[in-house]
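Asks: My structure is below; once you've seen it, I'll send some questions.
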Amino acid sequence: MVCCGDACVSPKESREPIRYDPNFNGPTHNRSCTDIIWLIVFILFLGAWGYVGYYSMTRGSVEKLLAPIDTKGRRCGLDSGLENKPYLIFFNIAKCLAPGTPITGCPTTQVCVEKCPTNTILLEKELRLNPSTFETLRPSMVCTDEVNIQTMTSSQALQYMQEDKCASFLISSQPVLARCFVNVTSAVEVIRQVDGVDLVEEQVLQQLANLIKFDQLSSQIVQDLVQSRWYLAGALVAVVIVCFIYILLLRWVVAPVVWLSIAGLLALLGFAMYVCYKNYEYYKANPVGLYQTTNLKGYAQSIFTKYSTWLVILVIVAVIFLILLLVVIFLRNRITIAIALIREGSKAVTAIKSTILFPIFPWILQCAVIAYGVLVLMYLLSIGESAFRVVNIRNDTSCSCSGVYTEEGQDCNPAKFVSVCHDTSSVGGLLPCSLASCHFTGIDNPTNVIFLHLVNLLGFFWTMFFISGIADMMLASTFSTWYWTFHKRDLPFFTLTSGIYRTLRYHLGTVAFGALIIAIVRVIRVILEYIDHKVKKFDNPISRCILCCCKCFFWCLENFLKFINKNAYIMCAVHGKNFCKSAHDAFSLLMRNIVRVVVLDKVADFIFFLSKLLISIGVGFAVYYLLEWNYVYEITKGERLHYNYVPAIILSVATYLICTIFFNVYSMAVDTLFLCFLEDCERNDGSPEKPYFMSKNLLKILGKKNKKLR
């Protein structure tokens, strides 16, 4: 005896086919609410999740999380005395571009200012050349708090610049996340004009020069996207139209479209093999010299100008082509049956046209849930006190902190660190330490925040799966009504509305229970990923192997549960039973027809995948070669793009996402009709008393027929 909740089924009963029921003619109308307890639990949990959001928003601050922190550890725009100074400026931006900056922090002085510099001024150089310009330069000077800019003299200003208490130069910059960021090229030009650039800064300047190429590449890509933005928008509209046309083609000429889709994909793979082979021949006969690999473009060129790279790509594409060809050859008969199922699905979708646009509403709700979950996460991360640690104290031998700070990673106070730690090798020993610093390491969260993170994580996944589950059950109720309507012309006008009503009225608890199961597994997977990230630094092969096995197991478990959930929702939509009974009935039905499940349902999914792949790849190739066509630029009078493949790749990805939204409805239709088809085969035998509900075309393919009364 197998039990789940209130449902208990014997093993013998699970092996028996579904019996004929003369009163069954589609989704049950006289049904009751299922899994009410789980709906109540879900509502209570939503209340708790809402309280977590309220708690985090009242005690945390996103500004606190994102606000820049000056050398003394004060937050710009937030702490006392800095309310009107929301931006952070760096005295010597070259030091901030050192490789160790993300770990140790920028070693230059950082102060909060009212606004970022709008002009580039070499303060120290101009004061040395012409001290009389000091009064003109005074309003532009940026110094630390202990310096009185209004009363100091030009000689004092030069001394403060030597002591790193005032900026020796200013570079025109713009605020990005409240930090004053400069243009890379401008920074190189300005820093090279500053007197007394040391060896370290020369190395940084070389790194800056290497970054210019990447900066130029980024600028060209952005310029291409801006220039082609309206064309991209028009292309997205065209993609939507193409999807609609493809759906119509599936309705009327599904078999040619499916076979042409398969042939088209094989042709695209064949063309890709041809391109790879031509490139392989070319680069083998014409070897290319070495490229600079200090930027993204040079690194890509260094890879794709090697004939061995094209040979590897050619072999991979050839293997994929061969596997796909063999699959098509050996499963051609099953593909024919799958085509019939897709035709049934296309008939159902076109008969209930409102289902095509239905996924937009769950998608909007899920976007709102994502926004809320991310917002709560940011507020939770901002709860607590700022933490500062001493870094590079061991590497900076000339730094003396009077015995206050002696250990790496020691807790520190930024203001105290600046006052007690000095560079003993400098004149007078008054300059701040060159490497050692009191670095901001994050916010120390209270212990209870960890549990709030878990609640937020579970609430996020539970709600996301709940919304998708509701959408699946509504569509399942709609398409099952279409299947079990013997004369399809008698289909009720408000079929989708009835499916929505039944789901919302009776089965929210069932969906909540199914969504909770998957959400728990997903949370476990996220925790495992977090643990794996933390233990990577220990590089323990045993723990890594155990974690890898655990992640693989829970990934398989989640996908299996998603499969069971979808079919449980379909059975619940048809028969109105609770989750456990519906999952059991669906699983038993599928196991009794396991061969059909593998070769029919999955082949249909494979065909949908090929269709999406064909449309997205086709759009990508079409856009690329269209942008290569000179006639386009003659008509539009536009400038030629730097990189045609960038909009082509973007449109390919966007096309795949748009196709996924449309084909998800088809996928649900085929899954629903497939389960109804299996039940139809077990429940009925084609006699006048028990006729099949499937279409004539499907009956013909399966070699079955409905007998007529004599």
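Asks: Between Leu528, Leu454, Leu547, which is aliphatic (A, V, I, L, M), touching a residue at least 40 places away in the same chain (Cβ under 8 Å) and surrounded by 13 or more Cβ atoms within 10 Å (Cβ to Cβ)?
Replies: None of the others qualify; the one that does is Leu454.
Asks: Okay, moving on. Please state which of the following conditions Phe560 fails to meet, knowing it meets all the rest: (1) surrounded by fewer than 22 Cβ atoms within 10 Å (Cβ to Cβ); (2) closer than 26 Å to Thr34 by Cα; (3) touching a Leu at 6+ places or on another chain (Cβ under 6 Å).
Replies: Of the numbered conditions (1) surrounded by fewer than 22 Cβ atoms within 10 Å (Cβ to Cβ); (2) closer than 26 Å to Thr34 by Cα; (3) touching a Leu at 6+ places or on another chain (Cβ under 6 Å), the odd one out for Phe560 is (3).
Asks: Among the residues of the range 339-382, how many are modelled with pLDDT under 85 and among the β-branched types (Val, Ile, Thr)?
Replies: Residues flagged as modelled with pLDDT under 85 and among the β-branched types (Val, Ile, Thr) within the range 339-382 amount to 8.
Asks: So the check is Cβ under 9 Å with 6+ separation or different chains; which pairs have a first residue in the range 681-702 that's at positive phi and a second one that's part of a loop (DSSP other than H, G, I, E, B) and of a type in the set (S, T, N, Q)?
Replies: Sorted first by the residue in the range 681-702, then by its partner, the pairs are Gly686/Asn706.
Asks: Within the range 464-509, how many residues are outside any helix (DSSP H, G or I), free of Cβ contacts under 8 Å to residues at least 40 places away in the same chain and of a type in the set (Phe, Trp, Tyr)?
Replies: 2
Asks: Same structure again: Tell me which helices (runs of 4 or more DSSP H) are completely within the range 168-285 and hold 2 or more residues being open to solvent by 30 Å² or more (accessible area, probe 1.4 Å) and at pLDDT 70 or above, or say none if there are none.
Replies: By residue number, 229-252, 254-285.
Asks: State all residues of the range 41-63 that are more than 17 Å from Val455 (Cα to Cα) and among the hydrophobic types (A, V, I, L, M, F, W, C); if no residue qualifies, say none.
Replies: If the condition is that a residue be more than 17 Å from Val455 (Cα to Cα) and among the hydrophobic types (A, V, I, L, M, F, W, C), then Val62 is the only one that fits.
Asks: A further question on this structure: Considering only the range 102-144, how many residues are loosely packed, with under 15 Cβ neighbours inside 10 Å and in a loop (DSSP other than H, G, I, E, B)?
Replies: 5
Asks: Just to check your reading of the model, which residue among Ala568, Ala573 is without any contact (Cβ under 8 Å) to a residue 60 or more places away in the chain, under 28 Å from Thr34 (Cα atoms), touching a Ser or Thr at 6+ places or on another chain (Cβ under 7 Å) and in a helix (DSSP H, G or I)?
Replies: Going through Ala568, Ala573 in turn, the sole match is Ala568.
Asks: Still on this structure, please answer the following. Just checking, which of Val599, Val595 is open to solvent by 50 Å² or more (accessible area, probe 1.4 Å) and at pLDDT below 90?
Replies: Val595
Asks: Which of the residues belonging to the range 365-418 are farther than 30 Å from Trp49 by Cβ and open to solvent by 70 Å² or more (accessible area, probe 1.4 Å)?
Replies: Arg394, Asn395, Thr397, Ser402, Thr406, Glu407, Glu408, Asp411, Asn413, Lys416 - these are the residues of the range 365-418 that are farther than 30 Å from Trp49 by Cβ and open to solvent by 70 Å² or more (accessible area, probe 1.4 Å).
Asks: Now for a different question. With Leu44, Leu65, Leu88, Leu78 as the choices, which residue is at pLDDT 85 or above and open to solvent by less than 70 Å² (accessible area, probe 1.4 Å)?
Replies: Leu88
Asks: Filter the helices (runs of 4 or more DSSP H) completely within the range 619-710 down to those with at least 1 residues that are closer than 28 Å to Met473 by Cα and modelled with pLDDT of 70 or more.
Replies: 645-683, 696-702
The values are calculated or read from the model by the stated rules, or taken from the named source; none is laboratory data. This one's a predicted model, so the numbers in the text were calculated from it and none came from an experiment. When we count neighbours, we look across all protein chains shown, and the Cβ atoms used for this are built from the backbone with ideal geometry, even at glycine. With ligands, DNA and RNA removed, areas are computed over all heavy atoms of the protein, side chains included. Shrake-Rupley method; radii C 1.70, N 1.55, O 1.52, S 1.80 Å.
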